[in-house]
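Data first, discussion second: the structure below is written as structure tokens.
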Amino acid sequence: MLYRTAGQFKTSYRADHALFPVRQDAWLLAFILLLAFVVFPMTANEFVFRALLTPVLIYALAALGLNILTGYAGQLSLGTGAFMGVGAYACYKLVTIFPDLNLIVAIMLSGFFSAAIGVAFGLPSLRIKGFYLAIATLAAQFFLVWLFEKWAWLYNYNSSGSIQVPTISVFGHPVAGPNATAIVQYYVVLVIVAVITWLAINITRGRIGRMWKAVRDMDIAAELVGINLMKAKLSAFAVSSYIVGVAGALFVFLWRGAAEPVAFDIPLSFRVLFIAIIGGLGSVLGNYLGAILIVALPVIISTLPASVGLPLSSAMVEHLNTMIIGALIILFLIVEPHGLARFWAIIREKLIMWPFPH
């Protein structure tokens, strides 16, 4: 009933392939944007911003970058955390070398450094694929984290070996550093994530996206019909690494405030991969659904038992979180390999067909 499509006629090919073929989808997106831009900032407190809203957006953006490479182009990668580190360290060097540079510009520029590194480590994809390519990206993960530790120039020879975000103002308002407020950082992250998501949707729905999907489904057939495999695979690595690099810069500058090389180690790569798998590979919506589940789960585990008189230690919360995430991944791989995005697609189809059973 909510998704009744009576009277919504398609009279052209363009209308049939519009971004919102059903008018209610546009209304739902408008409602979500209203919540994100108006309702949440008016009702959320400092804890909600720093523990839920901001990390959900950053992890969703990182998963979007991985999803473009793995879900749309079919190239396996286990080095997402390291590429996030490239973006974070590149942004740190930009703001220290050019102190007058606008932070938002520095964040967007940092993605290009990550894209260049991603293309360099994506070159093996021209010869190998599958698990062999995953091992190559895993080698990039270990090498880049080692570089973050050993190359002191990256963290300005800081004795602690970490990058510390100074107070950075944009148009007179502190955006990063200890003096920045959570709501300002949330708005900056929200705008950047919204713009990049909009661009990613247009890319995946266009000619480049169709080229990636053809390579993912059968690369030999794609090459036979005239698709340049080198261009397709390397462009996927470039776009994916750019988005991941921007997510890494947001991760440090607008959420954590500081980071050591270990912050970008293999657990971060696996966490982003879990978000993509649970949300649904080859889906933009799935990145947000998976990020909401993965980020909110530890908060629920730590607060829900305490509210009913069963407080849990931090170690127990971490163990429960790991076990539940592992069980969810197995469950989704068995029940619905396409993740939460597919569940929403099924619900949407039933709403459109209601009250008919098929």
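The values are calculated or read from the model by the stated rules, or taken from the named source; none is laboratory data. Just so we're clear, the structure is a prediction, and the values are computed from it rather than from any experiment. Positions of Cβ are backbone-derived with ideal geometry, glycine not excepted, and every protein chain shown enters the neighbour counts. In case anyone asks, the SASA skips ligands and DNA or RNA and just uses the protein heavy atoms, side chains included. Shrake-Rupley method; radii C 1.70, N 1.55, O 1.52, S 1.80 Å.
Here are a few things to note about the model shown:
- Cα gyration tensor of the stretch 36-130 - equivalent ellipsoid semi-axes, whole Å, descending: 29, 21, 10
- Candidate residues R23, R342: accessible-area rank, largest first, probe 1.4 Å: R23, R342
- In the context of the full set of protein chains, the stretch 21-262 has a per residue accessible area of 46 Å² (1.4 Å probe).
- Carbon/sulfur fraction of accessible area - the stretch 21-262, other protein chains in place, 1.4 Å, %: 70
- Inverse mean reciprocal Cα-Cα distance (Kirkwood Rh) of the chain, Å: 21.6
- Kyte-Doolittle at least -0.5, axis length at least 27 Å by Cα - qualifying DSSP helices, the chain: 103-122, 131-150, 182-205, 229-251, 285-307, 314-335
- With a Cα cut-off of under 17 Å and a minimum spacing of 8 residues unless on different chains, the lysine pairs in the stretch 21-262 number 6.
- Computed over the chain, relative contact order equals 29 percent, with contacts defined as Cα pairs under 8 Å that lie 6+ residues apart.
- Sorted peptide list for 81-88, 320-327, criterion being average Cβ within 10 angstrom, highest first: 81-88, 320-327
- Across W212, W153, W255, the residue with the most accessible area heads the list, and the full order at a 1.4 Å probe is W153, W255, W212.
- Only helical runs count toward this figure. For the chain, summing -39,500 (n - 2.57) over DSSP H runs of n ≥ 4 and dividing by all residues gives -21000 deg cm²/dmol at 222 nm.
- Protection proxy ranking, peptides 179-185, 226-232, average beta carbon neighbours within 10 Å, highest first: 179-185, 226-232
- Volume in Å³ per residue [convex hull over Cα atoms, computed for the stretch 84-192]: 126
- Within the shell defined by Cβ-Cβ distances under 15 Å, the residues around T204 carry a net charge of +4, with Lys and Arg each +1 and Asp and Glu each -1.
- A simple spin-label model places the labels of M353 and S307 3.6 nm from each other, with each point 7 Å out along Cα-to-Cβ.
- When only alpha carbons are used to place a centre, the stretch 260-311 and the stretch 161-227 end up 19 Å from one another.
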